[in-house]
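Values in this text are rule-based calculations from the coordinates and carry no lab data. Since this is a predicted model, take the numbers as computed values, not measurements. With ideal geometry, Cβ positions are generated from the backbone for all residues, glycine too; neighbour counts draw on all protein chains shown.
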Amino acid sequence: MGDELDGILISSSEPDFEARFATLQEKKAPAGRFAGYDSEGSRQVLGIIREVAEEGDDREYENSDAAVKGFTKEFDDAELRPDEFQIPREELKKAHEGIDPALLSSVRKAIDNVREYQTTIFVGNRRQPGIRYTPIKRIGICVPGAAAPMPSTVIMTAVPALVAGVKPEDIVVVSPPRYKPGGNAKGTIHPVTLAVCYELEIDNVYRIGGAQAIAALACEKGTVPKVDKIVGPGNQWVQTAKKMVSQDYVGIDSIAGPSEVLIIASDKANPAWVAADMLSQAEHGLDSKAVVATDSETAAREILDELKRQLDGLSRADEARKSLLEFGAIVALKDMKAVVDFANDFAAEHLEIQCGVQSAEVAEQIENAGAIFIGDYTPVAVGDYWAGPSHTLPTEMRAKFSSALTSNDFVKSISIIEYNKQELAASAEDIIRLAETEGLYAHARSIRVRQER
């Protein structure tokens, strides 16, 4: 008896390959997730931003805090007063004291790994003439928490900021209040996430999420402090809100979500491992994307068989199956060149390469990816939790022009120019000539007047 997952296998040997492959290509584009500014979803996000920023002509809420409160009730089913948005420091401390000691040890090791890597690549450690790097003053961090708690995101975003010189008191964390201990109608943030914030000495933690949290961070209208840059992953609502507020209010890192993985697998790959890695993305839910590209039809079918087998034992099997049916694929192409070309066009957030001893060679041919995971023993989870690079990465083909979040994203550069009298005199005629060519005679005069003394 067939399985509906059979439909995710797309083989170049099939007569309808071109049509099915074209359909997959359409799903890669950002419009496949959230249509443009005229879509219903985008209009809804814009309406939320306007309510929170108090910009609407016919506002439903009397002020920003009331809007955030209302949207939190509507979308997260949590009844919160504005004075309850921020998590008290005592609650952060209590969560830290209650964390399993073994888990706290792992958290601290992960923090050390990220700090070491981010310090090594930080441009501010290399003094160069003519430029000065200064930390961005205040940072907002989005920590997902709707589908599952993600304390690792605090590590992967806050530690790079701290390395760059952002002070803990200038970091603001927002996360949806989906954790409801004992049926608490108010809701809060998962205690492990709170414990990680406390470990990093971050006290500005707010139990709000979604587009309303992005708007609150951007507009300086209510209880939540305004920030200068917003970073972190999230669903299409969060990322659309980030994109909208970045035009006028704040900077952002990139459009980082929903999650996706592309796995390049040859006939040397272990089908069980490839299937497990697909499921590690698919379990994020319907918005996630897990795709395999291979030059071996045999490998493709073996991976599909493993996928079916492992899916049955997954705790989040329903979410993973829906994700695979909507956005998943196993594509068998004619050769590895076609696979690499597909990967470079796909520009995946996470790109795994499982091609045995050829993995590093294939990796050298990749030009577009948020992060590359080379070899059989480097699943995405190594990067998500441990290795050092941030797991906040550009998605939906944006790796063609955007990069992974690093410590360098939390500084801005200031050009430093200083000439003495002799240096200006040596260049004066050239500067004057260029200025007068553009018809900017006052520019030229500002040079000439210094030569007349």
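Quick one: which of 385-393, 347-355, 89-97 comes out on top by average Cβ neighbours within 10 Å, and what's the full order, highest first? Mind dumping the intermediate values first?
On the way: 385-393: 22.2, 347-355: 27.6, 89-97: 15.4.
Highest mean packing first, the order is 347-355, 385-393, 89-97.
Taking the 0 to 90 degree range and rounding to the nearest ten, how far is the long axis of helix 151-163 tilted relative to the main principal axis of the chain, both from C-alpha atoms?
30 degrees
Expressed as a rounded percentage, what relative contact order does segment 311-453 have, with Cα pairs under 8 Å and six or more residues apart? Intermediate results must be reported in sequence, preceding the final value.
Numbers: 138 pairs, mean separation 22.4, N = 143.
It rounds to 16 percent for segment 311-453.
Which of I87, I48 has the fewest other C-beta atoms within 10 Å, and how do the rest follow up to the most?
On the way: I87 23, I48 26.
Listing I87, I48 from fewest to most nearby Cβ atoms yields I87, I48.
Considering only DSSP beta bridges with both partners in the chain, what is the antiparallel share in %, to the nearest 5?
On the way: 7 of 41 bridges.
Of those bridges, close to 15 percent are antiparallel.
For the chain, with the dipole built from +1 on Lys and Arg beta-carbon atoms and -1 on Asp and Glu ones, taken about the Cα centre, which of L304, P389, G251 lies farthest toward the positive end?
G251
Normalised by the residues of the chain, what does the relative contact order come to in percent, with Cα pairs under 8 Å and at least six apart? Let's see the in-between values first.
Details: 877 pairs, mean separation 82.8, N = 453.
After rounding, I find 18 percent.
Can you tell me the convex hull volume per residue for the chain, based on C-alpha atoms, in Å³ to the nearest whole number?
Details: hull volume 95.8 nm³, N = 453.
Output value, Cα hull per residue: 212 Å³.
What is the packing order of peptides 249-262, 363-376, taking the mean over residues of other C-beta atoms within 10 Å and listing the highest first?
On the way: 249-262: 24.2, 363-376: 18.1.
For the peptides 249-262, 363-376, the packing ranking is 249-262, 363-376.
Find which of Q422, A320, I139 sits farthest along the positive direction of the dipole of the chain, computed with +1 on the beta-carbon of Lys and Arg, -1 on that of Asp and Glu, about the Cα centre.
Going by the charge dipole, the pick is Q422.
Can you give the Rg/Rh ratio of segment 370-453, where Rg is from the C-alpha atoms and Rh is the Kirkwood radius? Each step should come with its number before you reach the end.
Values: Rg = 24.8 Å, Rh = 17.8 Å.
Rounded to two decimals, Rg over Rh is 1.39.
Taking amide hydrogens as modeled 1.01 Å from N in the peptide plane, which residues meet the under 5 Å criterion relative to V331, leaving out close sequence neighbours?
It is I10, V292, A293, T294, by chain and number.
Give the long-range amide H neighbours of Y206: residues separated by 5 or more places, or on another chain, with amide H under 5 Å away, using H modelled in the peptide plane at 1.01 Å from N.
I87, V173, V174, S175
Per residue of segment 378-387, what does 6.51 cos²θ - 1.76 cosθ + 1.60 with θ = phi - 60° give for ³J(HN,Hα)? Whole Hz please, x for Gly and Pro, Karplus curve as stated.
Karplus-based 3J(HN,Hα) across segment 378-387 equals 10, x, 4, 4, 4, x, 4, 10, 9, 5 Hz.
Could you work out the relative contact order of segment 64-252? I mean the mean sequence separation of Cα pairs under 8 Å and 6+ apart, divided by the number of residues, in percent.
Contact order relative to length: 28 percent.
Between S12 and A442, how many nm apart are label points set 7 Å from Cα along the C-beta direction?
6.3 nm
If you fit an axis through the alpha-carbon atoms of helix 17-28 and take the longest principal axis of the Cα set of the chain, what angle between them do you get, 0 to 90°, nearest 10?
Around 40 degrees separate the two axes.
Treat every Asp and Glu Cβ in the chain as -1 and every Lys and Arg Cβ as +1, leave all other atoms uncharged, and give the resulting dipole magnitude about the Cα centre to the nearest 20 debye.
On the way: 50 positive and 71 negative charges, 354 e Å.
Dipole size: approximately 1700 debye.
Taking amide H positions as placed 1.01 Å from N in the peptide plane, with prolines and chain starts having none, which residues 5 or more places from D253, or on another chain, fall under 5 Å of its amide H?
I230, G232
So, with +1 on the Cβ of K and R and -1 on the Cβ of D and E, and no other charges, what is the size of the charge dipole of segment 87-162 about its Cα centre, to the nearest 20 debye?
Numbers: 11 positive and 6 negative charges, 102 e Å.
The dipole of segment 87-162 has a size of about 500 debye.
Calculate the FRET efficiency for T134 and R108 from the Cβ-Cβ distance with a Förster distance of 22 Å, rounded to the nearest 0.05. Don't jump to the answer; show the numbers that get you there.
Numbers: r = 29 Å, r/R0 = 1.32.
For R0 = 22 Å, the calculated efficiency reads 0.15.
Given K69/K242; K73/K167; K167/K226; K268/K308; K243/K400, which pairs have Cα atoms separated by over 22 Å?
Details: K69/K242 19 Å; K73/K167 32 Å; K167/K226 15 Å; K268/K308 20 Å; K243/K400 17 Å.
Distance filter (> 22 Å) returns K73/K167.
What do you get when you divide the Cα radius of gyration of segment 120-251 by 2.2 N^0.38 Å, with N the number of residues?
1.09
Based on DSSP H runs of at least 4 residues, each adding -39500 (n - 2.57), what is the mean residue ellipticity at 222 nm of the chain after dividing by all its residues, to the nearest 500 deg cm²/dmol?
Per the formula, -13500 deg cm²/dmol.
Just add up the charged neighbours of P144: K/R +1, D/E -1, any other residue whose Cβ is under 15 Å from the Cβ of P144. Write out the running numbers ahead of the final one.
Numbers: positive: R178, R207, K242, R316; negative: D76, D253, E260, E283, D287, E319, E349, D384.
Around P144, the surrounding residues sum to -4.
Run the numbers for K167 and I121: contour at 0.36 nm per residue of separation, minus the present Cα-Cα distance, in nm. Mind showing how you got there, number by number?
Values: separation 46, 0.36 × 46 = 16.56 nm, distance 1.92 nm.
Using 0.36 nm per residue and subtracting the Cα-Cα distance, I get 14.6 nm.
Based on other C-beta atoms within 10 Å, arrange Y419, Y179 from fewest to most. Before the final figure, lay out each step's value.
Values: Y419 11, Y179 19.
Sorted ascending by nearby Cβ count, the order is Y419, Y179.
Go through segment 204-217 residue by residue and turn each phi into a ³J(HN,Hα) via Karplus (6.51, -1.76, 1.60, θ = phi - 60°); whole Hz please, and just put x for glycine and proline.
7, 10, 10, 8, 9, x, x, 4, 5, 5, 4, 4, 5, 5
At a 10 Å Cβ-Cβ cut-off, how would you order F17, F410, F85, F401, fewest neighbours first?
On the way: F17 16, F410 28, F85 22, F401 10.
Ascending number of Cβ neighbours within 10 Å: F401, F17, F85, F410.
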